[in-house]
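Chemist: Could you have a look at this structure, given as structure tokens, before my questions?
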Amino acid sequence: MKFPPSKWGGRRPGAGRPRKDGQSHKGVPHLRRAALASRFPVHATWRMAPAVWNLRSARSWNALAPAIYASAAEGFRVVHFAIMGNHIHLMVEAADRVRLARGLQGLGVRIAVRMNRMMGGRRGRVVGDRYHARILRTLSEVRNVRRYLLTNAAKHYGTPGPDPYASQHPVTPPHTWLLRLTC
């Protein structure tokens, strides 16, 4: 016996699990990250959750700066950073892919605790998505990313001169030769 065709099920627009928290962007895909050698720095970007306040304020800076400056762990260092309105750019060094993930995980926890405390004892998600990481393999890539971190706010916010929410000098002394040449 053959059943008549149904309008239920199957592939169709709008099908599937709804996005949580009204997310409109797809975010960072859940793919295996590339292998990382300790000689290469990484440009990591983190988007914050929609409910988190503007990161480019004095109150947010007072919460974020100590977390970033205290983020050095064994095999993980933040060298440069730039804080934008709803995301953070980081230039980091890590011994391998696992140390990168663990170091950013620890930094994310520090940021979440301090930002939630700053927002009046709020509880909940602060980091909105997985981090996006790009391995910098050449000197020109490192120079371009460093310039991008230092001048991105001028392009988006029109701030003249050095950005107060970006590290003009290395947070920790760089170990990789690519960063030592550019810092």
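The values are calculated or read from the model by the stated rules, or taken from the named source; none is laboratory data. Just so it is clear, the model here is predicted, and its values are computed rather than measured. Note that each Cβ is placed from the backbone with ideal geometry, even for glycine, and that neighbours are counted across all protein chains shown.
Chemist: Quick check on this structure: which one of 76, 81 is more than 11 Å from the chain's Cα centre (by Cα) and among the hydrophobic types (A, V, I, L, M, F, W, C)?
Modeler: 76
Chemist: Surrounded by 14 or more Cβ atoms within 10 Å (Cβ to Cβ) and closer than 22 Å to residue 66 by Cβ - does that describe any residue in the range 140-151?
Modeler: Looking for residues that are surrounded by 14 or more Cβ atoms within 10 Å (Cβ to Cβ) and closer than 22 Å to residue 66 by Cβ, one finds at least one in the range 140-151, hence yes.
Chemist: Cβ-Cβ distance below 8 Å, separation of 6 or more or different chains: which pairs start in the range 148-165 with a residue that is over 17 Å from residue 61 (Cα atoms) and end on one that is in a helix (DSSP H, G or I)?
Modeler: 160/154
Chemist: Which is touching a residue at least 12 places away in the same chain (Cβ under 8 Å) and of a type in the set (S, T, N, Q), of 57, 71?
Modeler: None of the others qualify; the one that does is 71.
Chemist: Quick one: which residue in 182, 159 is farther than 22 Å from residue 47 by Cα, of a type in the set (S, T, N, Q) and modelled with pLDDT under 90?
Modeler: Matching residue, one of 182, 159: 182.
Chemist: Same structure again: How many residues does the range 119-140 contain that are within 18 Å of residue 39 (Cβ to Cβ) and touching a residue at least 60 places away in the same chain (Cβ under 8 Å)?
Modeler: Residues flagged as within 18 Å of residue 39 (Cβ to Cβ) and touching a residue at least 60 places away in the same chain (Cβ under 8 Å) within the range 119-140 amount to 5.
Chemist: I'm trying to understand the selection: among the residues of the range 61-120, which are touching a Pro at 6+ places or on another chain (Cβ under 9 Å), over 15 Å from residue 43 (Cα atoms) and not in a helix (DSSP H, G or I)?
Modeler: Hit for the range 61-120 is 86, nothing else.
Chemist: Out of the residues in the range 1-49 that are under 30 Å from residue 140 (Cβ atoms) and among the polar types (S, T, N, Q), which is modelled with the highest pLDDT?
Modeler: 45
Chemist: I've got another one for you. Any idea how many residues of the range 121-156 are in contact with a Leu (Cβ under 9 Å, 6 or more places away or on another chain), closer than 18 Å to residue 82 by Cβ, not in a helix (DSSP H, G or I) and not aliphatic (A, V, I, L, M)?
Modeler: Going through the range 121-156 one residue at a time, the tally reaches 1.
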